[in-house]
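Asker: Would you mind keeping the following structure in view while I ask a few things?
The values are calculated or read from the model by the stated rules, or taken from the named source; none is laboratory data. Because the structure is a prediction, the values reported are computed rather than measured. All Cβ positions, glycine included, derive from the backbone under ideal geometry; neighbour counts span all protein chains shown. Accessible surface is based on the protein model in full, side chains and every heavy atom, while ligands, DNA and RNA are left aside. Shrake-Rupley method; radii C 1.70, N 1.55, O 1.52, S 1.80 Å.
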Amino acid sequence: MPNPPNAPDFLSQHPVWTDAICFAAGLLLVFAFSPFYIFPLAIISPAILFYVWVYSKPGRSFWRGLLFGLGLFGGGVSWVFVSVYQFGNMTWPLAVLIVLVLILILSMYPALLGWLQARFFAGRIVVRCVLLMPAIWTLGEWWRSWFLSGFPWLNLGYSQTPGPLVHWAAWWGVYGVSYMTALTAALLVWLLIRKRAVVWYALSIIFVIWIGGFLVQDIGWTRAVGEPVDIGLVQGNFSIREKWNPDNRDKMFRRYIELSERVRRARVIIWPEAALPYDPGELKPHQIKLLQAEARKYQSEFIIGAVEKKAVSGRLKFYNSAFTVGDKPQIYRKRHLVPFGEYIPLRFIFDWLMRSIHIPMSDFSRGLASQEPLSLAGQFFGISICYEDAFGEELIRMLPKATILVNLSEDAWFGRSLAPHQRLQMARVRAIESGRDMIRVGNTGITARINHLGNIPEGQQAPQFQAHAMVVRAQPRQGLTPYARLGNWPILLFSAFILVLSLVLTRRYGRRRTVSGS
């Protein structure tokens, strides 16, 4: 195994300070994401880590990657504590322990990447910076998005919503944007180390990918079809404790009806995830008649989030569902459930934990993987519920049939934390990937309409933590972006190819050094 190049004096003489800088760089990266939107930090922060990795041995690279992850995830997903302690009714020592374990697990991803690149690829800096580091970072993010059900939070690509790179999402998805963000950071490291010798190469590549982001912004992969649809978004604003108290059912129903009357001109009216935290069959007869009368009177149709009960083979199952009220009954059942929040993974191991958490309805069943969009107002609505909009490859299953995308959410679990803002940023990238308007409706917010370019038009975002109803005008669209056609495969195969190429070049360079040294 070749040794890393000689480190600059500061790194070699002050290793503890260098460790602290890696932790600070990870923490700094949090501010690249919503609601701060300082997107250049998503280049500066990884560049610091990549620079340190170039001069670190495997063990130290692992440690510094771990510290970087502790800063990033310790700051970026601290909202998990709010969910499990404040709303999950867990004792605070156990809540702290659970959150620390989660942060440690997530931090292992950059730690392992650091060890791998130092252990197997120490050699020519151009191979590590220009080829290896962007590819291995992208593959690491993808692995984190599906392993053990996946936690695709704080991917570099999401940070770029205010900048030009995000428009590559229509081609490569969020992982493609992550790749280009990491590549920019790695090229700056290469430039910093090699200076004049590579300035034109590095700057030329950076120029191409960044200017390219502007040029591909609206290349016309999808096209508008039909007239815009007026959609009513209803934000009930109930606390978690209010919502899951059975005594409040009538109160909640009345509020949603009153708010819906403010948007009666809308063709489709949407209530958020589990707006009815019980089975639609438990609606009182007068409530069913009222909903049906509202739909007939104003020629509207409803999409309503509810908890569905269904007997399957003699066993009662619960689904996190969205059902329609209108011309014909339709239903969508959530497919990708939240581990520990909606189902118990490895129950024989974690059953004790779930007895310590009092999360309502934490044992749902999955809906079918292949579900059709819902047909309303002459259009097809691709539905997702809450956490599902974090997975672009799952939303594009609704395409090309879906002309509008809808996400029903419940972000009250996160309180006044970063999570609702981070989730809205993810939804903006989903809109670009699919080339569709994305309608997002949450109980406490953030409720908004996002256009097919990932932007939120003025006046089409509701204030958080207020009961609110508004009408937005969504433009149905047809056609497929390259990402919608091919999914994540192009960027994953490309990254894997670059990884193999890096390994070949590293070994060839290592053999040459051995021969010349003999």
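Asker: Which order do 230, 247 take by accessible area at a 1.4 Å probe, largest first?
Answerer: 247, 230
Asker: Among 263, 145, 134, flag the residue with its Cα farthest along the positive direction of the charge dipole of segment 118-272, charges on Cβ as +1 for Lys/Arg and -1 for Asp/Glu.
Answerer: Selected residue: 134.
Asker: Further question: Helix 285-298 versus the longest principal axis of the chain: what is the Cα-based angle in degrees, 0 to 90, to the nearest 10?
Answerer: Roughly 80 degrees between the two axes.
Asker: Compute the angle between helix 419-434 and the longest alpha-carbon principal axis of the chain, please, reported from 0 to 90 degrees and rounded to the nearest 10.
Answerer: Between the helix axis and the principal axis of the chain, the angle is about 90 degrees.
Asker: Pop a pseudo-label 7 angstrom from the Cα along the beta-carbon direction at both residue 216 and residue 508 and give the gap in nm to one decimal.
Answerer: 2.7 nm
Asker: So what's the convex hull volume per residue for the Cα atoms of segment 84-228, in Å³?
Answerer: Convex hull volume per residue, Cα atoms: 175 Å³.
Asker: On to the next question. Just from its helices, what would the mean residue ellipticity at 222 nm be for the chain, if runs of 4 or more DSSP H residues each count -39500 (n - 2.57) and the sum is divided by every residue, rounded to the nearest 500 deg cm²/dmol?
Answerer: Theoretical 222 nm ellipticity from helices: -15000 deg cm²/dmol.
Asker: When the accessible area of segment 156-307 is split by element with a 1.4 Å probe, what percent falls to carbon and sulfur?
Answerer: Of the solvent-accessible surface of segment 156-307, carbon and sulfur hold 57 percent.
Asker: Something else now. Quick one: which of 452-461, 397-406, 325-334 comes out on top by average Cβ neighbours within 10 Å, and what's the full order, highest first?
Answerer: Highest to lowest by the protection proxy: 397-406, 325-334, 452-461.
Asker: To continue, here is another question. Report, in cubic angstrom per residue, the convex hull volume of the C-alpha atoms of segment 367-442.
Answerer: Looking at segment 367-442, the number lands at 86 Å³ per residue.
Asker: Given the peptides 413-420, 60-67, 440-447, arrange them by the average over their residues of other C-beta atoms within 10 Å, most packed first.
Answerer: Taking the mean over residues of other Cβ atoms within 10 Å, the ranking is 440-447, 60-67, 413-420.
Asker: Tell me the volume per residue, in Å³, of the convex hull enclosing the alpha carbons of segment 411-518.
Answerer: Residue-normalised Cα hull volume stands at 157 Å³.
Asker: Tilt of helix 347-356 relative to the longest C-alpha principal axis of the chain, in degrees (0 to 90, nearest 10)?
Answerer: With both axes taken from Cα atoms, the answer is about 70 degrees.
Asker: Now for a different question. Counting heavy atoms of the protein chains only and a 1.4 Å probe, report the per residue accessible area for segment 150-285 as a whole number of Å².
Answerer: 42 Å²
Asker: Between residue 363 and residue 197, what is the label-to-label distance in nm when each label sits 7 Å out along the Cα-to-Cβ direction?
Answerer: Output for this residue pair reads 6.4 nm.
Asker: A follow-up question, please. In debye, nearest 20: dipole of the chain around its Cα centre with unit charges on the Cβ of K, R (+) and D, E (-)?
Answerer: 1100 debye
Asker: Here is a further query. Place the peptides 73-84, 29-40 in order of packing, highest mean first, counting for every residue the other Cβ atoms within 10 Å and averaging per peptide.
Answerer: 73-84, 29-40
Asker: Roughly how many Å² of residue 51 are accessible to a 1.4 Å probe, to the nearest 10?
Answerer: Approximately 50 Å² for this residue.
Asker: Mind grabbing the base-10 log of I(q)/I(0) for the chain at q = 0.07, 0.09 Å⁻¹? Debye formula, identical points on the C-alpha positions, no solvent, two decimal places.
Answerer: Computed log10 I(q)/I(0) values: -0.41, -0.66.
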